[in-house]
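Down below is the structure, laid out as structure tokens.
The values are calculated or read from the model by the stated rules, or taken from the named source; none is laboratory data. Computed from a predicted structure; not experimentally measured. So basically every Cβ, Gly included, is an ideal-geometry build from the backbone, and we count neighbours across all protein chains shown.
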Amino acid sequence: MNTIIEPFRIKSVEPIYFNTKEERHEILKKAFYNLFLVRSTDVLIDLLTDSGTSAMSSHQWAGIMRGDESYAGSPSFFRFEKTIQQLTGMPIVIPTHQGRAAEKILFSILGGEGKYIVSNTLFDTTRANIEFSGAIGIDLLCEEGKHPSIPAPFKGNMDIELLKKTISEKGAENISLCIITVTNNSGGGQPVSMQNIRDIRTVCTAHGIPMFIDACRFAENAYFIKLREEGYADKSIPSIVHELFSYADGCTMSAKKDAFANIGGFLAMHDELLAQQCRNMLILTEGFPTYGGLAGRDLEAIAIGLEEVMDEHYLQYRIRSIEYLTQKLMQASVPVMQPAGGHAVYLDAKAFLPHIPADQYPGQALAGELYVHGGIRSVEIGSLMFGKYDSLQRLIPAPLELVRLAIPRRVYTQSHIDYVAEVIIEVFNNRHQITGLRITEEAPALRHFTAKLSPIQ
């Protein structure tokens with residue numbers, strides 16, 4: 001059979017609220033052309049993020065009812081802890097209320113003035129927490145990952161030679177951490193190969209640099225390894241996952257992605273001294289070490305989700321769904337990140353809107369038009385999110401101008417995705433009518449969440 005069906009039945013639904021193009025134009029205007037400021041009830045298809053937007057299973061909901069809310073020593077924590085220990089092989093597990101809390105704790109300890117943290121590509125909150133500590137984050141993405149239209153199997157890889165060069169230039173003693181994001185979210189949801197992870201491990205070990213994995217989408221990355229990397233076709237997803245984590249000293253995770261949970265995250269590691277420092281900060285900011293800012297029911301849901309996500313039928317459906325939308329857009333000549341990533345389709349806004357320069361934020365302009373035309377909410381991953389200013393307050397553009405359409409897990413059906421494709425293609429056919437934007441108000445960090453913009457006439 002060629003048709004990939006959803007490997008689940010729908011037991012509960014919520015309504016979609018329909019509105020008109022004219023109404024959406026006014027809604028976007030009142031939201032200052034920032035889709036983060038649009039109410040969810042004004043959105044038809046919400047692809048802003050795949051974080052915390054998944055549909056939980058009947059087993060997860062049953063676990064929520066079973067969750068124990070004890071402040072300390074809850075049995076829900078010990079189920080959570082055991083699941084993560086078995087998954088990662090790491091003995092120390094520290095719950096947090098979400099992924100960026102884990103990042104905040106880790107970088108507050110390993111970051112600081114004069115320190116560097118290297119990565120294949122840092123996402124927005126990760127970089128923000130690094131910079132808040134006083135450290136500098138450095139992206140070392142492989143060359144093929146910098147070109148959206150060039151297909152390659154592992155475009156999320158780190159450039160090993162560039163890693164060696166960076167260590168030589170900055171000094172190993174000044175590089176406090178190497179963190180590998182799987183899959184590479186800022187780089188188009190592209191996977192990282194097992195060979196690349198091994199190579200990074202070898203370099204880090206030689207220079208005494210700890211290596212962590214940002215494991216938000218570890219299962220999706222494992223499935224890509226099974227599909228694309230020699231020697232893994234006959235291996236099970238759990239075995240690939242175990243090998244992946246075996247090369248790391250620790251990991252951070254937002255359980256709002258590949259654990260299907262609506263809230264939660266964790267730190268896991270081998271180093272007891274580092275863990276004690278993390279626990280001390282956790283108590284100050286999140287809560288006691290056996291709940292970490294989560295309810296017992298959340299710990300139960302995460303533990304169950306981490307087991308469910310390694311089902312190959314689910315992963316086949318998940319990856320094929322993203323590929324399906326990517327292929328439909330490519331057939332219509334819409335410029336997209338190639339090949340299809342794991343959790344999202346990425347439109348190449350620079351190629352989609354070549355008439356809009358980077359300082360007029362083509363990705364944000366495109367995201368706004370997708371909303372007005374079809375009620376689709378997406379997110380810009382370009383110069384609004386990652387742009388910096390030079391000493392003269394001139395924009396230093398981001399390397400890529402992308403619009404991410406992140407597909408929530410187990411939420412939308414094929415007809416929803418067909419509608420998304422139709423809207424994008426119609427916008428593409430009328431792309432020359434889209435104009436750029438300027439920022440009228442912005443925050444000093446993570447400006448894209450709250451920035452106000454206006455059209456350039």
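Do we find a residue being buried (at least 23 other Cβ atoms within 10 Å of the Cβ) and either at pLDDT below 95 or more than 23 Å from the chain's Cα centre (by Cα) (or both) anywhere in the stretch 131-144? Checking the stretch 131-144: not a single residue is buried (at least 23 other Cβ atoms within 10 Å of the Cβ) and either at pLDDT below 95 or more than 23 Å from the chain's Cα centre (by Cα) (or both).
Got at least one residue in the stretch 214-224 being among the acidic types (Asp, Glu) and either outside the structural domain of MET269 (by TED's automatic domain parsing) or under 25 Å from ASP124 (Cα atoms) (or both)?
Residues of the stretch 214-224 that are among the acidic types (Asp, Glu), as a first pass: 214, 220.
From what's left, either outside the structural domain of MET269 (by TED's automatic domain parsing) or under 25 Å from ASP124 (Cα atoms) (or both): 214, 220.
Within the stretch 214-224, one or more residues are among the acidic types (Asp, Glu) and either outside the structural domain of MET269 (by TED's automatic domain parsing) or under 25 Å from ASP124 (Cα atoms) (or both).
Here ALA219 meets the list (1) more than 24 Å from ALA340 (Cβ to Cβ); (2) crowded, with 24+ Cβ neighbours inside 10 Å almost entirely, failing just condition (1). Looking across the stretch 379-426, the residues that are loosely packed, with under 15 Cβ neighbours inside 10 Å and of a type in the set (A, V, I, L, M, F, W, C) come down to LEU392, ILE396.
Would you mind finding the one in LEU315, LEU329 that is in contact with a helix residue (DSSP H, G or I) (Cβ under 8 Å, 6 or more places away or on another chain) and either within 22 Å of PRO238 (Cβ to Cβ) or crowded, with 23+ Cβ neighbours inside 10 Å (or both)? I'd like the intermediate steps shown before the answer.
Working: LEU329 fails: either within 22 Å of PRO238 (Cβ to Cβ) or crowded, with 23+ Cβ neighbours inside 10 Å (or both).
The unique qualifying residue is LEU315.
Which ones in the stretch 317-345 are among the polar types (S, T, N, Q) and over 21 Å from THR181 (Cα atoms)? Break it down stepwise before answering.
Of the stretch 317-345, the ones among the polar types (S, T, N, Q) are 321, 326-327, 331, 333, 338.
Listed by number, the residues that qualify are SER321, THR326, GLN327, GLN331, SER333.
Here the condition is being closer than 28 Å to PRO335 by Cβ, touching a Lys or Arg at 6+ places or on another chain (Cβ under 9 Å) and modelled with pLDDT of 95 or more; of ILE225, ILE263, it holds for ILE225 alone. Restricted to the stretch 1-106, the set of helices (runs of 4 or more DSSP H) holding at least 2 residues that are under 27 Å from TYR317 (Cα atoms) comprises 58-66, 75-88. Being surrounded by 24 or more Cβ atoms within 10 Å (Cβ to Cβ) and among the hydrophobic types (A, V, I, L, M, F, W, C) is the filter; apply it to the stretch 339-351 and report the residue that is farthest from GLY189 (Cα to Cα). Ranking the qualifying residues of the stretch 339-351, first place goes to ALA349. Of the residues that make up the stretch 374-387, is at least one assigned by TED's automatic domain parsing to the domain that holds LEU315, acidic (Asp, Glu) and at pLDDT 95 or above? Yes, some residue in the stretch 374-387 is assigned by TED's automatic domain parsing to the domain that holds LEU315, acidic (Asp, Glu) and at pLDDT 95 or above. Of the residues making up the stretch 1-41, those that are farther than 25 Å from ASP258 by Cα, touching a Gly at 6+ places or on another chain (Cβ under 9 Å) and crowded, with 18+ Cβ neighbours inside 10 Å are ARG24, LEU28, TYR33, ASN34.
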